[in-house]
Amino acid sequence: MTEASSGSSSRRSKGLSQAGQAKPLPNWDPLLRLTHWGIAAVVLGNYALTKEGGSVHIALGWAGLGLLVLRLIWGFVGPREARFTSFLPNPMAALRHLVGLSKGQAPHFPSHNPAGAMMAYALWACLAVLIGTGLLMTGATPMKQAELEAAVAAGDWSVLVEEGEEAEDDESPFGEAIKEVHEVAANLILLLAFLHVAGVVVESRVMGRNLVRPMLIAARRRR
Amino acid sequence: MSAVSTGVLAGRRRSIALALFLLVQTLAAVFFVGDAIADIVEGNVGAHIYFELLVAIALALGVGLGALALRQTLEELKAQDVALASARGALGDVIAAQFTDWGLTPAERDVAFLALKGLDVAEIAELRGRAAGTVRAQLTRIYAKAGVSGRAQFAAWFVEDLLGEGLDSEA
């Protein structure tokens, strides 16, 4: 947050800071920012707040599916910085970037840097596994799950008879494996998210460029 | 807020609104298609599946077209920014050349630049850490070197240049 002081010193300094090189990085486009924070909210919400397997948990998972689909579409039709062609996966370049960062000389990239790109793909893959296994486990849309819960709440336990048959599936090795994968993926995505945040903090500190600011949604008008 | 930045701001607002709309539309499409697929899996395939198919196609088309519209808006915004930056750079060059022509000292250049930006004496003094009297004296020398009567004429010097050229090139 040390940049905040230099960034917020209003338009007055603009005239004088012509020579100043601490120009803030351009913002990510609004759709990318929305999907980014939307997915972050879905992951954190489903990890910490919702009841596992409940209708809210499922609805959030579906919202995550929508956000992921939108981001992937945006990877083909969005502006250059958002397109996959701007940050194709390249593990060697990612390693080079990390080594450069440890020496304090990592170049800035208009799109994701190579290490950030690998992280983005890893997060998406993890998210896809989470959503896929989640769908396999429930097999129901959140609307149906909500109807089911409403029926049970109203005292109509008969709807669970059908569930009972499915419950046998859950105990099958396949069902158990799916559940296991879902849980492992959930923990993995949290670990990845933590590494992602750590990477952003480290590069922002070491290279003196605020990487958080371009992702923020709140409008910061100069003047 | 200047006229130009108001226009850019409006474009930004539109792009954010479009992005939000696109997000809601995608969520609706995913939920709807999911519900339809669940219907099919459960064997509830009746005539209404065709209507659901129609709605699903419409939603998907809406998402695609919305994404293209948003991208176009963003590209227009970027083009505006580039044009604005090059216009700014060009104007900055003109101003710098003129300041050199008038033989302004480095301190006077700074003061003149801030005066052009519309800051008053007190603001310039505070920004430069000088007494208001010093700034006032510098401004007087600047106006004398430029051969103008005061701040209004000083600012008009550059604007007039721009307007004049604009009319000439049109004629």
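Values for this structure:
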read-out: Diffusion coefficient, µm² s⁻¹, Stokes-Einstein with Kirkwood Rh over alpha-carbon pairs of the stretch A:57-111 at 4 °C and 1.567 mPa s; value: 96 µm²/s
read-out: P(r), alpha carbons of the stretch A:34-86 - 5 Å bins starting at zero, rounded %; value: 5, 22, 24, 19, 12, 9, 7, 3
read-out: Cβ-derived FRET efficiency at R0 41 Å, A:N187 paired with A:E147, nearest 0.05; value: 0.85
read-out: For the stretch A:142-149, Karplus couplings with θ = phi - 60° (6.51, -1.76, 1.60), whole Hz, Gly/Pro x; value: x, 4, 5, 4, 5, 4, 4, 5
read-out: Radius, Kirkwood style, for the stretch B:11-164 when every pair of distinct Cα atoms is counted (Å); value: 20.8 Å
read-out: Residue-by-residue Karplus 3J(HN,Hα) for the stretch B:53-66, coefficients 6.51, -1.76, 1.60, Hz, glycine and proline x; value: 4, 4, 4, 4, 4, 4, 5, 5, 4, x, 5, x, 5, x
read-out: Cα gyration tensor category, rounded, prolate or oblate, for the stretch B:72-126 with a/c compared to 1.5; value: oblate
read-out: FRET efficiency, A:Y47 to A:L88 (Cβ-Cβ, R0 25 Å, nearest 0.05); value: 0.25
read-out: P(r) weight above 13 Å for the stretch B:5-55, C-alpha pairs, percent; value: 67 percent
read-out: Acute angle (nearest 10 degrees) that the helix B:3-41 long axis makes with the longest principal axis of chain B, alpha-carbon atoms; value: 10 degrees
read-out: GNM result for chain B, Cα springs below 10 Å: residue of B:I16, B:I142, B:I37 fluctuating most strongly; value: B:I37
read-out: Karplus-derived 3J(HN,Hα), 6.51/-1.76/1.60, for each residue of the stretch A:120-127, Hz, glycine and proline x; value: 4, 5, 4, 5, 5, 4, 4, 5
read-out: Over the stretch B:1-98, relative contact order from alpha-carbon pairs under 8 Å, at least 6 apart, %; value: 43 percent
read-out: Rounded FRET efficiency, nearest 0.05, which uses the C-beta distance separating A:A125 from A:M215 and R0 of 22 Å; value: 0.60
read-out: Gap separating the Cα centres of the stretch B:1-60 and the stretch B:130-159, nearest whole Å; value: 57 Å
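FYI, it's all coordinate maths here, none of it is from the lab. Computed from a prediction, not measured in an experiment: that's the story for all the values here. Quick reminder, even Gly has a Cβ in these numbers, built from the backbone with ideal geometry, and neighbours come from all protein chains shown.
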